[in-house]
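Worksheet: one structure, shown below.
Any read-out appearing in this document is the output of simple, stated calculations on the displayed coordinates, not a laboratory observation. The model shown is predicted, which means the values in this text are computed figures rather than measured ones. A quick note on method: Cβ atoms are made from the backbone with ideal geometry, for glycine too, and the neighbour counts reach across all protein chains shown.
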């Protein structure tokens, strides 16, 4: 049974892609980092809005009754496909505590909607281990193959929620690509030749939220 070619090859990063390739899928995102009462990170709430070209391809491939719409059961199938496949990529989440990478748990469900020609996804993930609000924490969302461009239109789209952050400072970092390349030229070159199909070096270019507590 045919599934969305772009959904599996693009969003799910299962198609071959050279490192630092141009993106083919564009997402406007919002990320809310929620603090728990016990002084740890509780969850990260994501909203993704996809570009119209990619969205229309998903409609064509998941519209089983060919009515040019996505019914609730069809939307649920999209969400299930993404939930199962993005697990290998940690749902594009990039979390660190004092420089240590932290993985995330599989979300309970990925809610999907289709409005005004664009596909929307809503889901929350929890850290796979405790993330105490101490020291420096970073939160980013990026596709390591750069096949999917995940953009936060304004700094307000990267938000912290909860009283636990009252004693913390936050800053949105938007790296300058030319500056990143200049400062990391040798490591980027080595990374490409060691693994030309994609490396985690792309995170250097990703917008991120830095929280210091």
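Fewest neighbouring Cβ atoms within 10 Å first, the residues 27, 47 line up as 47, 27. Here 26, 123 are placed in order of increasing Cβ neighbour count within 10 Å, fewest first, which gives 26, 123.
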